[in-house]
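First comes the structure, then the notes that go with it.
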Amino acid sequence: MIKLTDKKYKTPIYLAPENINSVYVEGQHTAVYVGDLSHTVLESPEEVAKKVLLYKMAMKDYSNDSVWPETKNTLFALAGLEDTQ
C-alpha cells in the first residue's frame, strides 16, 4: 500500500498501487483513479507515480528475497508506517 493525502479532509488514504488505473490533473488537483472511483489527493501526479514505481521495485526485491531490511524500510515508508522492529 502507498499512503496519499486526501485533499478535502487532509487525512491519509491508503491505496494498493496495483489497483491504480490512472492519475490525472483535474483543474488544480490530482485525481487518482482506482476502478470507477476517483480520489482527489494533495500529491502531484509525479509524486504518485514515484511512490507507485518505488513500491513496485521494492515488491520485486521482496519477492526475490533480496536485501530484506532495506526493502522492508522502503515499503514501510511508502505506506506511511514506522518500523516497530
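No lab work stands behind these numbers, since they all come straight from the coordinates. Please read all numbers here as calculations on a predicted model, not as lab measurements. Here the Cβ is made from the backbone with ideal geometry for all residues, glycine too, and neighbour counts use every protein chain on show.
Some points to look at:
- The range 18-39 residues that are within 18 Å of K51 (Cβ to Cβ), paired with ones that are loosely packed, with under 10 Cβ neighbours inside 10 Å (beta carbon under 8 Å, 6 or more apart): N19/G35; N21/G35
Okay, residues lined up against (1) buried (at least 17 other Cβ atoms within 10 Å of the Cβ); (2) in contact with a Phe, Trp or Tyr (Cβ under 7 Å, 6 or more places away or on another chain):
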residue	(1), (2)
P12	no, no
S22	no, yes
V25	no, no
D36	no, no
V41	yes, no
E47	no, no
Y55	yes, no
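- Residue in the range 1-10 that is surrounded by the most Cβ atoms within 10 Å (Cβ to Cβ), counting only those that are assigned to a strand (DSSP E or B) and touching a residue at least 60 places away in the same chain (Cβ under 8 Å): I2
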